[in-house]
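To keep things clear, I will list the structure first and then write my remarks on it.
The values are calculated or read from the model by the stated rules, or taken from the named source; none is laboratory data. Since the model is a prediction, treat every value here as computed from it, not as a measurement. A quick note on method: Cβ atoms are made from the backbone with ideal geometry, for glycine too, and the neighbour counts reach across all protein chains shown. Surface accessibility is based on the protein's heavy atoms, side chains included, excluding ligands, DNA and RNA. Shrake-Rupley method; radii C 1.70, N 1.55, O 1.52, S 1.80 Å.
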Amino acid sequence: IFGATPVETMHAFRKGLIEHVTFLVLENVPASRKAALDNLAIQFHQRHRQTYRRRYPATDFSHGITNLTKVTARERLGLVFLFVILSQYDEGWDILDDTFERRSIATVKNIVEVFEALLCFDAWLTQDTFWDRSNSTNAIQSARSSIEALLKMCKNNIPAMKENCWKFPKFHELLHIVDDIERFGAPRNFNAERPESLLIYAAKRPGRRAQKRHAGIPYELQS
């Protein structure tokens, strides 16, 4: 069954591997440093240019990041991006140091390197085109080797929070992405992000503009 359909990259990667590594940070930040991490996230939210929000992953965490609920796949990616940005500040590096090295989990340098590699992989997945079909053998082999190297980086540098934590289908499915690209084309043309993003225009924005005084059919018709 898994081989009969293409890998759904949004849930396999952003809601799979990316979500997994964000839990590594958020679940291990010392309680005494959570407020400081939230303040750094809020300051970054306030200082960057509003017009550039759509040019990089979602980082609209105006109330901090340590008590998030109902986080979307795009926001999970934004968290990884934000961790890399905050690590450039001395205070941010110290907080991550408290989270990883001083708690004997991993080195900050290795974790940030993995985060950067994950962001690059996500950018690669969202391309419109990948390789020329007339000379694809080397490109396909290179892509497979790179994905294998990325997964090994994750297993070697991100500690197992529980036994067999890396043995889950979403992690293994990433090895099949190259085959799917070869058969079906760019993942952005068939992953769940496309139809789900249409809900912004078809449901979310109309719903916000509708009056909330009606329940059921009247509210739906007004939307």
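Within region 185-223, the residues that satisfy the criterion of being touching a Phe, Trp or Tyr at 6+ places or on another chain (Cβ under 9 Å) and either loosely packed, with under 13 Cβ neighbours inside 10 Å or over 25 Å from residue 17 (Cβ atoms) (or both) are 207, 210, 211, 212, 213. Selection of first residues in region 28-43 that are among the β-branched types (Val, Ile, Thr) and of second residues that are loosely packed, with under 13 Cβ neighbours inside 10 Å, restricted to Cβ pairs under 8 Å at least 6 apart or on distinct chains, gives the following pairs, ordered by first then second residue: 42/62; 42/63.
Mind checking whether some residue in region 73-82 is open to solvent by 70 Å² or more (accessible area, probe 1.4 Å), more than 23 Å from residue 36 (Cα to Cα) and of a type outside the set (S, T, N, Q)?
As a first pass, look at region 73-82 and keep what is open to solvent by 70 Å² or more (accessible area, probe 1.4 Å): 74.
Restricting the remaining residues to those that are more than 23 Å from residue 36 (Cα to Cα) gives 74.
Filter once more, keeping what is of a type outside the set (S, T, N, Q): 74.
Within region 73-82 (the criterion being open to solvent by 70 Å² or more (accessible area, probe 1.4 Å), more than 23 Å from residue 36 (Cα to Cα) and of a type outside the set (S, T, N, Q)), the answer is yes, since at least one residue qualifies.
Of the numbered conditions (1) in a helix (DSSP H, G or I); (2) open to solvent by 50 Å² or more (accessible area, probe 1.4 Å), residue 42 satisfies every one except a single condition; which is it? So residue 42 meets the others, but not (2).
Cβ-Cβ distances below 8 Å connect the following pairs, each with a first residue in region 64-92 that is within 17 Å of residue 126 (Cα to Cα) and free of Cβ contacts under 8 Å to residues at least 40 places away in the same chain, a second residue that is outside any loop (DSSP other than H, G, I, E, B) and of a type outside the set (Phe, Trp, Tyr), and a separation of six or more residues or different chains: 81/119.
Got a sec? Which of 143, 106 is assigned to a helix (DSSP H, G or I) and open to solvent by less than 70 Å² (accessible area, probe 1.4 Å)? Outline the logic, then answer.
On the way: 106 fails: assigned to a helix (DSSP H, G or I).
Testing whether each residue is assigned to a helix (DSSP H, G or I) and open to solvent by less than 70 Å² (accessible area, probe 1.4 Å) leaves just 143.
Scanning region 48-86 for residues that are more than 12 Å from the chain's Cα centre (by Cα), at pLDDT 80 or above and in a helix (DSSP H, G or I) yields 84, 85, 86.
With respect to the conditions (1) buried (at least 17 other Cβ atoms within 10 Å of the Cβ); (2) under 27 Å from residue 110 (Cβ atoms); (3) not β-branched (Val, Ile, Thr), residue 6 falls short on a single one, namely (2).
For region 87-133, the set of residues classified as of a type in the set (A, V, I, L, M, F, W, C) and under 16 Å from the mean Cα position of the chain (by Cα) consists of 111, 112, 114, 115, 117, 118, 119, 120, 121, 123, 124, 125, listed by residue number.
Evaluated against (1) under 22 Å from the mean Cα position of the chain (by Cα); (2) of a type in the set (Lys, Arg); (3) assigned to a helix (DSSP H, G or I), residue 208 falls short on exactly one condition, (1). Yes or no: region 125-137 includes at least one residue that is among the aliphatic types (A, V, I, L, M) and not in a helix (DSSP H, G or I). So far as region 125-137 goes, no, none of its residues is among the aliphatic types (A, V, I, L, M) and not in a helix (DSSP H, G or I).
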